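The values are calculated or read from the model by the stated rules, or taken from the named source; none is laboratory data. Fair warning: this is a prediction, and the values are worked out from it, not measured in the lab. Neighbour counts run over all protein chains shown; Cβ positions are idealised from the backbone, glycine included. When the accessible area is computed, the model is the full protein with side chains, heavy atoms only, and any ligands, DNA or RNA have been set aside. Shrake-Rupley method; radii C 1.70, N 1.55, O 1.52, S 1.80 Å.
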Amino acid sequence: MEDDFRIISMHVGGPKNVVRNGEELYTSFLKTPTTDRIALSSQGLKGDGQAVTKFHGGVEKAICVYPYKHYAYWEQQLDKKMDFPSFGENLTIDGLHEENINIGDVFQWGDAKLQVVQPRKPCERIAFVHQVKHLTKQVVHTGYTGFYMSVVKEGEVSANDRFERIQTDPHAVSVAYVNQIKLKDRNNIEGIRTILQVDGLANELRQGLQERLDKLQDTI
C-alpha cells in the first residue's frame, strides 16, 4: 500500500534546564534537528532522553510524532514562526495526521518497524516553553496532539529514509477518535469498548480506559 508521507524533520535531545521569564524547568522538550543515521531501539532514538521518565519515554512512547500540517494553524493562532520541533516531537511528518492514522498501524522506517499505540498527551511543558498560558489546553481542544509509536523492530533510521505504512489495523480506530473519547466524550461506553478491541493499544492507556469503563458500567 502507498501513502504519501514525508519526514520533514527528525529530532533528538537530552534533558536540560530551560529558562523562561525567570522560571526554570528541567526538560528534554527542546530537541535538535539531525540528518544523521541513528540507531532506534525499543526505548527510542540514540541520543534522545527524558527528564521525567514517569510520564515520558519508555517502550510505549519511544517515538513522538507531530503532523507538519498543524504548524500553519499554530503559527496563525499564535502569530509567530514555529520552528521544528515546537512540540517536542522526534518526527515532524507531512501527509500524516490524527484522522488518517489508526492505533495499531505499522510503519517501515529505514531498517526499523514501528506501531502507532496512543495519542500524545499534551503536558504543560508546551505552554511553558512557548510562554503561552493556555497553549496546552488549546492543543487538547483542537485534538492536534500528535501521537506515540512503539518499536516493533529495532534498526538504523534517518530523516532521509522513507516512512511507509505497511499494515493498517483492521479496527480502523483513528488517533483522532481516541482523543475524542479520551478527552471529550468521556462517558461514551461503546466508544471505549471500540478502542479496547485494538490489540496495538498502549497498555497504560488500555488500563485507564478499562477502569473508566468499569466505573461507567457500575452506574448503569
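Odds and ends about this structure:
- Residues listed by number, segment 111-133, amide nitrogen under 17 Å from Val59 label point at 7 Å toward C-beta: 113-118
- Area of Ser150 that stays accessible when all protein chains are in place (1.4 Å probe, Å², to 10): 20 Å²
- FRET efficiency, 1/(1 + (r/R0)^6) with R0 22 Å, evaluated for Glu99 and Arg162 via beta carbons: 0.50
- Separation of the Ser41 and Asn17 label points, Cα + 7 Å toward Cβ, nm: 2.8 nm
- Residue (of Gly44, Val139, Ile166) at the positive-pole extreme of the chain, dipole from beta-carbon charges: Val139
- Divided by 2.2 N^0.38 Å, where N counts the residues, the Cα radius of gyration of the chain comes to 1.00.
- Under 19 Å from the Lys153 label point (7 Å along Cα→beta-carbon), backbone N, segment 90-125: 104-117
- Cβ charges +1 (Lys, Arg) and -1 (Asp, Glu), total dipole of the chain, debye: 640 debye
- Förster radius 25 Å - calculated FRET efficiency between Asp214 and Leu25 (Cβ-Cβ, nearest 0.05): 0.10
- Each residue was assigned an accessible area with a 1.4 Å probe, and for Glu154 the value is about 100 Å².
- Simple label model, 7 Å out from Cα along Cβ direction - Thr32 to Thr194, nm: 4.4 nm
- Three-way shape call for segment 13-124 based on the alpha-carbon gyration tensor, with the a/c threshold at 1.5: oblate
- Ligands, DNA and RNA are left out, and with a 1.4 angstrom probe the accessible area of the chain is 50 Å² per residue.
- Distance between the 7 Å Cα→Cβ label points at Asp79 and Asn203: 4.8 nm.
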